[in-house]
Every structure is written in structure tokens, then in C-alpha cells.
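Remarks on the structure that follows.
The values are calculated or read from the model by the stated rules, or taken from the named source; none is laboratory data. Since the model is a prediction, treat every value here as computed from it, not as a measurement. Glycine also receives a Cβ, built like all others from the backbone with ideal geometry; neighbour counts cover every protein chain displayed.
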Amino acid sequence: MTDSTPPRVLTVAGSDSGGGAGIQADLKTMMALGVHGMSVIAAVTAQNSLGVQGYWELPPEAVRAQLDSVLGDIGAQAVKTGMLASPVLVETVAGALGPYPAPVVVDPVGVSKHGDSLLAPEAVETVRALLLPVATVVTPNLWEVEQLTSVKVEDESGLRRAADAILELGPAWALIKGGHLPGAPVDLLTDGTSEYRFTAERHDNRHTHGTGCTLASAIASRLALGDEVSEAVRQAKEYVTGAIARGFPLGAGIGPVDHAWRWR
């Protein structure tokens, strides 16, 4: 690669036909942060501002072929995973990323912003056993923490207990997103030794579709640019907070965050 080639980041996730989350949000985030985004589509959703009307997984051989094609030729300085839907897709992706020498940011997508399930119940154990151990950073929200560990967080004091439970599953770092707790939003990042807390202003804006995808992709982008994990999370939080503040209405339901807020 030449000096003019930007860092490359690969997203492995589902396609959001409404453009607010999934592959589409990931690629927008990557462009906004100055890296070259690439994609492996694991599933296709029929989705709009009102919810997910349906999703269809790609065959595992198609997902593996995309992974081999991109990583074998172009390569990546970081990888982000999102919606993987089924045990066989989780197994396929984990098998490809385990030996690959780049940081992996796992957004353990279990449910959409509208409450629609995006991960088969039988896939949860596969995520625990195969995907989390290959992760550099895992970014669960509180519902996903409970799904993966049975730990229920009700206030800020429970964030560290949740992080420790996630770390027991094998990732290097856990970022527990506490935005749904009462009070000022706070996220906790830890590797079990170092601990960082990130606070942000709570914006009165219901248009937050794609927040989790955007944050994980921003972390992966900053890692590809050379940041240490704590700095990558800090920079990603700053970006996503601005995107939430400027989220806009789209359709009749929940609109997306604004990935281009720094340009407008």
C-alpha cells in the first residue's frame, strides 16, 4: 500500500435497507473518520423507521468467500462485527477473524432499536464461546449484557460487575454502554485492570437509530488510525455524541443519527 492509501476497516454485519444502521451506518462512519470502509454482508434486512419487517441470512459459504476476498487481498487494520444472526454465521466469522492480526470490535447485536430480535436464541452461546474470545473490544448495551451473562444492571454501580462478567468470556476489553440508566449517560471501559468512565450530555432527541453500530465502527476506525483502546473509545464517543445530537426525522418512526454532522 502507498502512503496515500488510508487505513482500511472491514465491517461484517447486516444490511439496513433504511440506511440508518448496519452496514450502511458502518460505512458512513468510516468515511466520516477518514478510513477506507469495506463490507462483508452477513444478512439482509427489510427495515425502515418503524422496525424490521424481515431478515434473511446469507449462506455461510458466501460470508466466508467475502471475508477471504477482502482480507486475502486488501487487508484491514481493524474489523468490526455487528448482526450475525445465527450460530453458523457466528462460527464462520469467528473462525476467519481468530487468526487474523488486526483488532476486532464486536457489537453483539441482539435486538434492533425498535425491539426486533436480530440474533437467534441458539446463537447466543456461539457468540459467548467463539466470537467474544477473539474480540479486542466488546460493546454491549445493558440488554445485551444480560443476554450474554445474565447480569442485570440497574444503576451505575453495576457497570463494573457487568464488565467483569463480559471479560470472563474472553475479550481483551469490555465497553459497557450505560446510556439507558437514569441520570447522565456513562459508559465503562475496562480490561480488568485499567478502568475508564466516559460521560456525555443526554440529548433530548428520539432519532437515535444506528447508535450502537456507529459507536463500534468509530472505535474500529480510530484503532485503525493508531489509537490505543482508551483513546479510540474517547474519540468514538465524541463522534457519536455529536451524531446523536443531530439525529433527524426519517419516515414515520425513529430516525437515524447524523453521520455527516461534522460536515454540515
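Miscellaneous remarks
- Residues that are closer than 12 Å to LEU142 by Cα and either more than 20 Å from the chain's Cα centre (by Cα) or not hydrophobic (A, V, I, L, M, F, W, C) (or both) within the stretch 161-198 comprise ARG161, LYS177, GLY178, GLY179, HIS180, ASP187, listed in sequence order.
- Among the residues of the stretch 177-197, not a single one is of a type in the set (Phe, Trp, Tyr), crowded, with 16+ Cβ neighbours inside 10 Å and touching a residue at least 40 places away in the same chain (Cβ under 8 Å).
- Helices (runs of 4 or more DSSP H) enclosed by the stretch 2-98 - at least 3 residues per element that are out of contact with any helix residue (DSSP H, G or I) (no Cβ under 7 Å at 6 or more places or on another chain) and farther than 26 Å from GLU122 by Cβ: 22-32, 60-73
- Selected residue (criterion: surrounded by the fewest Cβ atoms within 10 Å (Cβ to Cβ)) from residues of the stretch 132-144 that are at pLDDT 95 or above and hydrophobic (A, V, I, L, M, F, W, C): VAL134
- Residues of the stretch 1-31 satisfying the condition of being of a type in the set (D, E, K, R) and in contact (Cβ under 8 Å) with a residue 40 or more places away in the chain: ARG8, ASP16, ASP26, LYS28
- Contact map, the stretch 227-246: residues that are surrounded by fewer than 24 Cβ atoms within 10 Å (Cβ to Cβ) paired with residues that are of a type outside the set (A, V, I, L, M) and assigned to a helix (DSSP H, G or I), Cβ distance under 6 Å, separation 6+ or inter-chain. Pairs shown: GLN235/ARG222.
- Condition met for ALA243 (under 16 Å from ARG202 (Cα atoms), out of contact with any strand residue (DSSP E or B) (no Cβ under 7 Å at 6 or more places or on another chain) and hydrophobic (A, V, I, L, M, F, W, C)): yes
- Filtered residue count, the stretch 4-22, keeping only those that are farther than 21 Å from ALA85 by Cβ and touching a Ser or Thr at 6+ places or on another chain (Cβ under 7 Å): 1
- Qualifying residue in the stretch 199-209 (condition: under 23 Å from LEU118 (Cα atoms), among the hydroxyl-bearing types (Ser, Thr, Tyr) and in contact with a Lys or Arg (Cβ under 6 Å, 6 or more places away or on another chain)): no
- Of all residues in the stretch 104-131 being charged (D, E, K, R) and under 20 Å from GLN47 (Cβ atoms), the one that is modelled with the highest pLDDT: ASP107
- Given (1) without any contact (Cβ under 8 Å) to a residue 60 or more places away in the chain; (2) out of contact with any helix residue (DSSP H, G or I) (no Cβ under 7 Å at 6 or more places or on another chain); (3) not hydrophobic (A, V, I, L, M, F, W, C), number of the condition THR149 does not satisfy: (2)
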